[in-house]
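*Asks:* One structure, as structure tokens, below. Some questions next.
Read the figures in this text as sums done on the coordinates, not as results from a lab. Keep in mind the model is a prediction, meaning the values are calculated, not measured. Cβ: placed from backbone, ideal geometry, glycine included. Neighbour counts: every protein chain shown.
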Amino acid sequence: MQKVSQQQLIDKAVSLLADGTVSCVLGWTKGEFDYDITPALFTDEASLRQGFVWNDFCGANFSKYLVAKTRKCEGKILVFLKPCDTYSFNQLLTEHRFDREKVYAVGIPCEGMADIDKVKAICGDGISSIDCNGEKMAVQTIYEDAPVQVDASSVLAERCINCKSKKHVAYDELMGDEGDVIDSARFDEVAKLEAMTPDERFTFWQNELSRCIRCNACRDACPACTCEVCVFNNPKSGVENKSPANSFEEKMFHIIRAFHVAGRCTDCGECSRVCPQNIPLHLLNRKFIKDMNECYGEYQAGAEVGSRAPLVNYTTDDLEPGEVFNGRDSDA
Amino acid sequence: MNKSYLQEDLLRMSGVNPRKCMQCGKCSATCPAYDEMEYHPHQFVSMVKNGDIEPLMKSQSLYRCLTCFACVERCPRSVEPAKLVEAVRLAVIRQQGANRMTANDIPALLDEDTPQQLLVSAFRKYTK
Amino acid sequence: MQRIGVFVCWCGSNIAGTVDVKAVAEALKAEPGVVFSTDYQYMCSQAGQDMIKESVREHKLTGIVICSCSPRMHEATFRKTAAAAGLNPYMVEIANIREQCSWVHKEMPIGTEKAIILGKAAVAKVNLNTPLTPGESPVTKRALVIGGGIAGIQTALDIADAGFPVDIVEKKPTIGGKMAQLDKTFPTLDCAACILTPKMVDVAQHEKIRIFSYSEVSEVKGFVGNFDVTIKKHARYVKEDVCTGCGACVEKCPMKKVPNEFNLGMDNRPAIYIPFAQAVPKVATIDPNACNMLKNGKCGLCARVCTAGAIDYKQQDEYIQEKYGAIVVATGFNPISMDKFDEFAYNQSKDVITSLEFERLTNAAGPTAGKLLRPSDGKHPHTIVFVQCVGSRCDSCAQKGKEYCSKICCMYTAKHAMLTRDKYPDTEVYVFYIDVRTPGKSFDEFYRRAVEEYDVHYIKGMVGKVTPQGDKLKVQASDLLSNKQLHIDADLVVLAAAIEPDKSARPLATMLTASMDTNDFFTEAHPKLRPVESPTAGVFLSGTCQGPKDIPETVSQAGAAASKVIGLLAKDKLKGNPCVAHSNEQMCNGCSSCERVCPYGAITYEDKEFRMPDRTTAIRRVAAVNPAVCQGCGACTVACPSGAMDLRGFMNEQIMAEVDAICK
Amino acid sequence: MQVKEFKPLIVAFCCNWCSYAGADLAGNNRLNYPAEVKIIRVPCSCRVNPMFILRAFQRGADGVILCGCHPGDCHYTSGNYYTRRRMAMLFSMLDFLGIERERTRVEWVSAAEGAKFSAVMTDFAATVKALGENKRLEDLRCKK
């Protein structure tokens, strides 16, 4: 259960619309099922009261939408930002991707979002409704008479288990209590992979990445991927390709994508959330973050507006490319 | 042992590259045993370079070198003549055929005054 | 589709020796876009170039691939050829089948196969080439000369005489450099001061020359024709324009125990000083580390005796900004430190000196007023040993000296020996040498005179050690020709110390982005054909900052550098390099990644209105590259996430095409 | 039956100012290195986009080496410092994906280091040859 209720958010949005602070509201709404929440733009009270949703499945990071929406909307847009969303928000400001003046940001606390696959693993398929308002999540399936009570903590998404920060780094107004930056164990999985032999790693990734269907969902959801024209859509870039034609194509896609967002990725985890094939794509991004932290000092993209990312920076005594492997030669 | 093999062996043993020598003579200038020698350090280097090794092996100069390493220290070209002298000495010993010292000889040589380190190095030196 | 002509050069047997040029020409005929392919003995010859021009006309070529030597050699030549034939010069690509193929691969089949692949890569690139036109930038008609020794003086005078303003930046209080410290010059034995000081005066009086003495270059921005330089003028606590150089302050200064650097510490000077009588500018300078007034506010005598009122204890370092079209580096040399050569007892005995110290000892304006006296006891030395090659020609593993030959020592040692014997015939002079190197006009004759007329004892061999004993220096050395070890009781030992580039050169090179070799000498744009230019456009080299040189060589190189500068400053506009970055506005995100990595500040942003795919319009921030400032490194192209930034002449597509051609 | 000797395909990106000139010097001095090494000239090592490297591997290269001016000597002041960071990160990522780390290398070769160029290329070719064919990154469509 989220600490700030859906009703509180709707009331806030309605009042900001009413007093003219904002002209539209970027929010979540129900999709076909209770758990596939999608983004929506609300412009009046009625549609807000009817459609606005806030629960454990509102994982979508709205920062990215501001790039396109601020260009279209007259007046300010109200956006609700979870702590991790605020990092993306700042990163996009660093990159001048939208006009800060056109946004009214309300920070909302987040208790972590649920992973529907974990829910399904407990309750089975055929979920007809989910109620997140109680202490426990009540999941009703078409096969059972009574809803199954699920402990929200047991179905927390991976990115939320390893949440890096409950602190909002940007907002105009904060609802609820402010949290802290968390000393998370988010790099443990990367370290585990690093400790494997190259052959094991190759097998692991071959296994994972060969499932890629090149649907581009990771790119489309990624708040760092806001390019006007993506290199993968540009016939002149030399890497344009719309489908995984062979065993290397998808590797190339994911390496290039990870490299393009390296230093800009805030580790929000949207890529893995939206992947229909459940590929742990966030591990690639985290690998870059971990390497950059270790080689060039701690850096959190989006922690502050205007910071200089490690890959557009240097010192004269940086490590040599061959030296990054020093000290992790267990697999050499 | 033919000449070129001997030369190669010397260079390998000593790790010296006599071609680096520019014949400045600083080794001979610095050598404290110069006047005792028939062949002086710079000549040593040039003779080994030219494969003219037999006369060196016969010469008493070999044993006049104090191995003080002054020539090694001061050589501007890092040629290290003293190492070459030592290698020629070794070549002489090795050419003497049978081992001059066997493990069986050692117990008889042990006594209170002789440092064991000496025996170890002698054993090493006199064993092929 | 392009119509490409391929021209395979034999380079005599240089290429044809290990590459089957006919096979290469034949194979490339089949490549897409190629309509003509041929081979010829010397493509760079007039006949070869004419053939290219003729083929362009005959086959209506739109692109040219030359398979020949390195593009660093003849790319410019063939671009001119193309232009003469009416093609855009940037439609030419070179496949380097000499330096990177025929010269390194000795077997014909291997060389031929690689040459074909390199040719294919070049064809693939030309297929994507587009005509490029260089941008133009104005030239600031002012030159900066860094270093005020004989090299800098000569360069400045030559440039100024051509009518262009020149600024000299010298870190010492006076110009003159090392030459001002010398006594006589070889092989003519003119007095150094007699030929140098008139030039110094010329500099001072030249209306086109400004001297920034006691100053350093602290920042360099910009590029050829448009350098922005910050000069730091150290506070000398004397108003330069007020001081008359009368010397009253120098005389009255009570702090007289400061080692005199002009005489290499062999005597003392006051805290306020003029380095030497003919100094330019002739103004006093206060040494802030020695002056009592500056250190603890007690004294002020110089201010009291200065009738002109030139003393200013409150003077601050001053920063001067100036624009220049060209920069000449003339930072010069220093003798190396003798600290690592214990065997010569330099640090143990005052009577072991370097050759530069010997110059001061024999100079009429030196610490002994020109009398050759031992530094330790002021007695006349009767036996002098000169040691050559101290720290020169050393193996790099020894880590003591320099690998190179310092070039000037043989001659100045002959000079010293000869002058000593001439003035003091009762002195025995020994010179220990490894080789005597005397290439130069009248050089060997000079050395022979030292031996034959002046009876200097030249001994082939080296000094092994010098031991001070009583008032003598025991010199142990080898005489290789008579196969003896010598023991000489000397009164004075003179070491011909190797020379090295001035320490200020390395940080300066970094500021100028000019390259240096491992010894910190500046590298030339071409060792034979462009010896006075740095590879960095607009930066020129004069004197020993480029390599060891004697005075005549330095002066001729200084003149050569000046003529290059004049050639540059005479132009009103410079044609830039058209291979610069450009941003595709449709694709640009305006994210500033490119701006952050640009070392030249060539990228700015503007808000522009765009028509979006959904037919609305939106204002977006997009990058714009200043082609006059961009130098074409391409750092921005990789930093750009969307690929909006590309580099003309080295476009993503072109490089990918080369990769594909090689990997095919 | 005679087994055909494996000849690795190596793409070398060389910066125009130092390493390409170093390669020219190796040629001037007739310092041999394996013909499998094919050089692509770029203005600065920082022009090399990771996409080029991946493309080479995709098209069947067995090794990719990038040569630039020594740190501090970049003709463009800082280009090779960016190269150093980018390639450190890219190579680490390739290693993370289980691709043999010996297939990629960055070397600083100055215009004066013809001998180093030849030695580096000889060594790199031998290393890549020992690894054998690049199976993990190639695009099978592009092989003949």
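*Asks:* So if I place +1 on the C-beta of Lys and Arg and -1 on the C-beta of Asp and Glu, and nothing else carries charge, what would the dipole magnitude of chain C be about its Cα centre? I want it in debye, nearest 20.
*Replies:* Values: 77 positive and 75 negative charges, 182 e Å.
The dipole magnitude comes to about 880 debye.
*Asks:* Also, I was wondering about something else. Could you size up the charge dipole of the protein assembly as shown around its Cα centre, putting +1 on the beta carbon of Lys and Arg and -1 on that of Asp and Glu, and report it in debye to the nearest 20?
*Replies:* Here the protein assembly as shown has a charge dipole of around 2840 debye.
*Asks:* A further question on this structure: Go through chain B and flag any cysteine with no other cysteine's C-beta closer than 4.7 Å, please.
*Replies:* Cysteines lacking a close Cβ partner in chain B: B:Cys21, B:Cys24, B:Cys31, B:Cys65, B:Cys68, B:Cys75.
*Asks:* Right, another one. Starting from 0.36 nm per residue, how many nanometres of slack lie between A:Thr38 and A:Asp145 once their C-alpha separation is accounted for?
*Replies:* Result: 35.7 nm gained on full extension.
*Asks:* Between A:Pro39, A:Pro280, A:Pro198, find the one with the highest GNM mean-square fluctuation for chain A; connect C-alpha pairs within less than 10 Å.
*Replies:* Maximum among the listed residues: A:Pro198.
*Asks:* Moving on. Taking every Cα atom in region C:522-587, find the radius of gyration and the maximum pairwise distance Dmax, and write them in Å.
*Replies:* 16.3, 59
*Asks:* Still on this model: Pick out, from D:Ala125, D:Leu25, D:Cys44, the residue whose Cα sits farthest towards the positive end of the charge dipole of region D:13-142, with +1 on the Cβ of Lys and Arg and -1 on the Cβ of Asp and Glu.
*Replies:* Result: D:Cys44.
*Asks:* Longer than 19 Å from Cα to Cα, which of A:Lys136/A:Lys166; C:Lys415/C:Lys441; C:Lys141/C:Lys571; C:Lys29/C:Lys120; C:Lys171/C:Lys239 are they? Say none if no pair is.
*Replies:* A:Lys136/A:Lys166
*Asks:* Going down the table (C:Lys664/D:Lys135; A:Lys120/A:Lys287; C:Lys178/C:Lys282; C:Lys184/C:Lys423; A:Lys3/A:Lys167), which pairs top 19 Å between alpha carbons? Working shown, then result.
*Replies:* Details: C:Lys664/D:Lys135 16 Å; A:Lys120/A:Lys287 29 Å; C:Lys178/C:Lys282 17 Å; C:Lys184/C:Lys423 13 Å; A:Lys3/A:Lys167 15 Å.
The answer is A:Lys120/A:Lys287.
*Asks:* Still on this structure, I have one more. Take every Cα-Cα distance within region C:336-498, group them into 10 Å bins from 0 onward, and report for each bin the whole-number percent of pairs it holds.
*Replies:* It works out to 11, 41, 38, 9, 0, in whole percents.
*Asks:* Let me ask something else. Using only the Cα atoms of the protein assembly as shown, what are the Rg and Dmax in Å?
*Replies:* 38.0, 125
*Asks:* Between the DSSP loop rule and a limit of at most 11 other Cβ atoms within 10 Å, which trypsin sites (Lys or Arg not before Pro) in region C:501-576 are left?
*Replies:* Passing both the DSSP loop test and the Cβ count: C:Lys503, C:Lys528.
*Asks:* Can you give me the angle between helix D:79-96 and the longest principal axis of chain D, using Cα atoms only, in degrees from 0 to 90, rounded to the nearest 10?
*Replies:* Around 20 degrees separate the two axes.
*Asks:* I'd like the projected area of region C:4-126, averaged over all directions, using the convex hull of its alpha carbons. Report it in nm² with one decimal.
*Replies:* 6.0 nm²
*Asks:* What fraction of the DSSP beta bridges in region C:336-498 is antiparallel, stated in percent and rounded to the nearest 5?
*Replies:* Restricted to region C:336-498, the bridges split so that about 45 percent are antiparallel.
*Asks:* Of the candidates A:Glu208, A:Glu249, A:Glu200, which one comes out as most mobile in a Gaussian network treatment of chain A with C-alpha springs shorter than 10 Å?
*Replies:* Residue with maximal mean-square fluctuation among A:Glu208, A:Glu249, A:Glu200: A:Glu200.
*Asks:* Across region C:10-49, how large is the tail of the calculated P(r) beyond 11 Å, expressed as a percent of all Cα pairs? Walk me through the numbers on the way to the answer.
*Replies:* On the way: 501 of 780 pairs.
Roughly 64 percent, rounded to a whole number.
*Asks:* Okay, next question. Taking Cα atoms of region B:3-97, Rg/Rh with Kirkwood Rh, to two decimals?
*Replies:* Details: Rg = 11.9 Å, Rh = 12.9 Å.
For region B:3-97, the value is 0.92.
*Asks:* Further question: Net charge near A:Lys236, counting Lys/Arg +1 and Asp/Glu -1 over other residues with Cβ under 13 Å of its Cβ?
*Replies:* Details: positive: none; negative: A:Glu240, C:Asp646, C:Glu653.
Net charge in that neighbourhood comes out at -3.
*Asks:* Ok, one more. Please name which of A:Tyr104, A:Leu93, A:Thr29 has its Cα lying farthest along the dipole of region A:9-125 towards the positive end, using unit charges on Cβ (Lys, Arg +1; Asp, Glu -1) and the Cα centre as origin.
*Replies:* Selected residue: A:Leu93.
*Asks:* Here's something else I'd like to know. For region A:176-332, what is the convex hull (Cα atoms) projected area averaged across all directions, in square nanometres?
*Replies:* Details: hull surface 46.7 nm².
The directionally averaged projection comes out at 11.7 nm².
*Asks:* Please find, in a Gaussian network model of chain A (springs between Cα atoms separated by less than 10 Å), the residue of A:Arg100, A:Arg273, A:Arg264 whose mean-square fluctuation is greatest.
*Replies:* The residue with the greatest mean-square fluctuation here is A:Arg100.
*Asks:* Also: Kirkwood Rh over Cα pairs of region C:588-664 into Stokes-Einstein at 25 °C, 0.890 mPa s: D in µm²/s?
*Replies:* Details: Rh = 13.9 Å.
Here the translational diffusion coefficient equals 176 µm²/s.
*Asks:* Per residue of C:90-97, count partner chain C-beta atoms within 10 Å of its C-beta, then hand back the mean as an integer.
*Replies:* Working: counts 0, 0, 0, 1, 1, 0, 6, 0.
Rounded to a whole number, the mean comes out at 1.
*Asks:* Another one. With charges only on Cβ, +1 for K and R and -1 for D and E, what is the dipole size of region B:3-97 about its Cα centre, in debye, rounded to 20?
*Replies:* The calculated dipole for region B:3-97 is roughly 280 debye.
*Asks:* Another question, if that's okay. For chain A, what is the relative contact order in percent, using Cα pairs closer than 8 Å and at least 6 residues apart in sequence?
*Replies:* Relative contact order here is 17 percent.
*Asks:* A further question on this structure: Using alpha carbons only, how many degrees (0 to 90, rounded to 10) separate the axis of helix C:443-452 from the longest principal axis of chain C?
*Replies:* That works out to roughly 30 degrees.
*Asks:* Still on this model: Using only the alpha-carbon atoms of region C:480-543, report the extent along each of the three principal axes, biggest first, to the nearest angstrom.
*Replies:* 55, 26, 18
*Asks:* Let me ask another. Considering every residue in C:397-404, what mean count of other chain Cβ atoms within 10 Å of its Cβ is obtained?
*Replies:* Taking all residues of C:397-404 together, the mean is 3.
*Asks:* Let me ask you something else. Let's test this: bin the Cα-Cα distances of chain D at 10 Å from zero up to the farthest pair and state each bin's percent.
*Replies:* 12, 42, 34, 10, 1, 0
*Asks:* A further question on this structure: In peptide C:478-488, how many Cβ atoms from other protein chains are near each Cβ within 10 Å, on average?
*Replies:* Mean inter-chain Cβ contacts per residue within 10 Å come to 4.
*Asks:* Provide, as a two-decimal number, the C-alpha radius of gyration of chain A over 2.2 N^0.38 Å, N being how many residues it has.
*Replies:* Working it through for chain A, the quotient is 1.04.
*Asks:* Give the average over all directions of the projected area of the C-alpha convex hull of chain C, one decimal, in nm². Please list the in-between numbers first.
*Replies:* On the way: hull surface 153.1 nm².
In nm², the orientation-averaged hull projection of chain C is 38.3.
*Asks:* Among bridges DSSP assigns within chain A, what percent are antiparallel (round to 5)?
*Replies:* Expressed as a percentage, antiparallel bridges in chain A total about 60.
*Asks:* Moving on. Just to confirm the number: angle between the C-alpha axis of helix C:46-59 and the first principal axis of chain C, 0 to 90 degrees, nearest 10?
*Replies:* 20 degrees
*Asks:* To continue, here is another question. Over region C:248-305, consider all pairs of different Cα atoms and compute the Kirkwood hydrodynamic radius from their mean reciprocal separation; express it in Å, one decimal.
*Replies:* 11.6 Å
*Asks:* What does the charge count around C:Lys472 come to, taking other residues whose C-beta lies under 10 Å from its C-beta (Lys +1, Arg +1, Asp -1, Glu -1)?
*Replies:* Its environment carries a net charge of -3.
*Asks:* Based on the mean of other beta carbon atoms within 10 Å per residue, what is the order of C:364-374, D:9-19, C:97-107, C:270-280, most packed first?
*Replies:* Values: C:364-374: 16.4, D:9-19: 27.3, C:97-107: 24.6, C:270-280: 22.1.
The packing order, highest mean first, is D:9-19, C:97-107, C:270-280, C:364-374.
*Asks:* Pull up all non-local amide H partners of C:Ile272: gap of 5 or more, or a different chain, and H-to-H distance under 5 Å with H placed in the peptide plane.
*Replies:* C:Asp287
*Asks:* Got a sec? Charge dipole of the protein assembly as shown, +1 on Cβ for Lys and Arg, -1 for Asp and Glu; which of C:Pro288, B:Pro55, C:Tyr447 is way out at the positive end?
*Replies:* It is C:Tyr447.
*Asks:* Run lengths n ≥ 4 of DSSP H only: what is the helix-derived mean residue ellipticity at 222 nm for chain C, with -39500 (n - 2.57) per run over all residues, to the nearest 500?
*Replies:* The helix contribution divided over chain C gives -8000 deg cm²/dmol.
*Asks:* Within the protein assembly as shown, what percent of beta bridges assigned by DSSP are antiparallel, to the nearest 5?
*Replies:* Given both bridge residues lie in the protein assembly as shown, the antiparallel proportion sits at roughly 50 percent.
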